[in-house]
Amino acid sequence: MPNDTVDRPRVGLALSGGTLKAAAHIGVIEALAELGIRPHVVAGTSAGSLVAALYAHGYSPVQMKQLTKRFSLWSLVQYGFPVLSSAVTVMSRRLGWRYLSRLVPAAQGLLSAKRLERYVYKALQRRTARIPYYIIATDLLSGNPVTFSNESDAIVRGLAERLTDPARTVAASCALPGVFSPVELGRYLLVDGAFRHYVPVKILQQMGCTRIIAVNLYQLDEDWQPDTLVHVLVRSFEILLRESIDNDIDSNNLVVLEPNVQNMTWFSVSQLNSCIEAGHECVLESKAAILNLL
């Protein structure tokens with residue numbers, strides 16, 4: 001007779017960063033549900049952390065789609081006045097007026113993530129997490145990745161910090177340096193988790209996931225040609241990012257999904273639905289590989 005006590009595979013879903021292109025994750029989750037696949041745990045980096053948090057707190061693909069229809073990028077950010085505040089800080093230090101720099105602290109990014117934090121808080125309030133989830137950020141002080149989780153086992157084993165403030169943690173994971181100010185959380189000064197783990201596969205492996213579906217929204221443009229010095233510098237960073245991604249997804253028992261969102265812009269709200277469709281289509285194209293993995 002079959003043994004009903006035999007452990008079934010623990011399926012993990014890893015959602016990469018990707019700015020507004022991360023709407024593709026919604027399409028992936030929707031298509032997986034249509035195939036009868038519901039991951040036991042989910043991990044997210046940067047914009048992927050927002051989708052991961054929503055999914056873990058019980059948002060269905062339909063509900064997440066409704067959020068995208070009401071989404072306004074510019075309503076979520078506020079200007080950090082870096083020019084004015086930085087000038088005040090420099091002047092006050094040179095003149096010895098340190099009290100002035102305390103009154104007008106220097107901004108550490110062009111934009112503040114406060115409104116994003118409030119947006120996530122509002123979306124998650126009166127909801128409790130239904131499955132374990134992990135959010136990855138990067139600590140500017142140590143340079144190390146930091147994982148936050150609601151799963152007690154991950155915390156006890158020292159693999160994650162306790163997730164006490166999901167909204168602030170998601171904002172931290174999305175805080176692209178130079179654009180958003182770093183987010184202070186406990187003893188950490190946090191920025192975008194993509195700098196260490198663009199596709200958060202490692203924590204899922206550490207937590208015993210024997211089958212992992214990883215969604216990567218970044219691919220190098222193979223038709224790239226250099227035009228300016230800036231293009232060369234950006235390309236150099238992109239190559240390093242691609243190497244980091246390859247290290248993240250170099251694993252067995254793993255299916256990598258790469259929705260075709262390369263032609264989408266990172267800031268265009270009008271393309272959110274197209275990103276969702278790209279994620280859905282990618283799952284259908286990879287259906288055989290996914291079912292074979294599981």
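The values are calculated or read from the model by the stated rules, or taken from the named source; none is laboratory data. This structure is a prediction, so every number in the text was calculated from the model and none was measured. Note: ideal-geometry Cβ built from the backbone for every residue, glycine included; neighbour counts use all protein chains shown. Note: accessible area is taken over every heavy atom of the protein model, side chains too, but ligands, DNA and RNA are not part of it. Shrake-Rupley method; radii C 1.70, N 1.55, O 1.52, S 1.80 Å.
Of all residues in the stretch 251-266, those satisfying the criterion of being of a type outside the set (Phe, Trp, Tyr), part of a loop (DSSP other than H, G, I, E, B) and closer than 15 Å to Ser16 by Cα are Glu258, Pro259, Asn260, Val261, Gln262.
Among the residues of the stretch 132-145, those identified as hydroxyl-bearing (Ser, Thr, Tyr) and open to solvent by less than 40 Å² (accessible area, probe 1.4 Å) are Tyr133, Tyr134, Thr138.
For the condition touching a Ser or Thr at 6+ places or on another chain (Cβ under 6 Å) and either modelled with pLDDT of 95 or more or surrounded by 14 or more Cβ atoms within 10 Å (Cβ to Cβ) (or both), what is the one hit in Ala129, Ala160, Ala175? Only one candidate passes the filter, namely Ala160. The number of residues in the stretch 267-294 that are of a type outside the set (D, E, K, R), surrounded by 15 or more Cβ atoms within 10 Å (Cβ to Cβ) and under 26 Å from Lys65 (Cα atoms) comes to 14.
The criterion of at least 1 residues that are over 25 Å from Leu257 (Cα atoms) is met by the following strands (runs of 3 or more DSSP E) wholly inside the stretch 130-199: 133-139, 178-180, 183-185, 188-192. For the stretch 231-253, a residue qualifies if it is modelled with pLDDT under 80 and open to solvent by 90 Å² or more (accessible area, probe 1.4 Å), and the qualifying residues are Leu233, Phe237. Of the set (1) under 16 Å from the mean Cα position of the chain (by Cα); (2) among the hydrophobic types (A, V, I, L, M, F, W, C); (3) not in a loop (DSSP other than H, G, I, E, B), all apply to Ile212 but (1). Taking helices (runs of 4 or more DSSP H) as the structural unit, those lying wholly within the stretch 1-108 and holding at least 1 residues that are modelled with pLDDT of 95 or more and open to solvent by less than 90 Å² (accessible area, probe 1.4 Å) correspond to 24-34, 47-56, 61-69.
Only one entry in Val256, Val183 is open to solvent by less than 70 Å² (accessible area, probe 1.4 Å), among the β-branched types (Val, Ile, Thr) and under 23 Å from Leu116 (Cβ atoms), namely Val183.
Note on the stretch 207-226: among residues that are touching a helix residue (DSSP H, G or I) at 6+ places or on another chain (Cβ under 8 Å) and within 21 Å of Glu151 (Cβ to Cβ), the one that is most open to solvent (accessible area, probe 1.4 Å) is Arg211.
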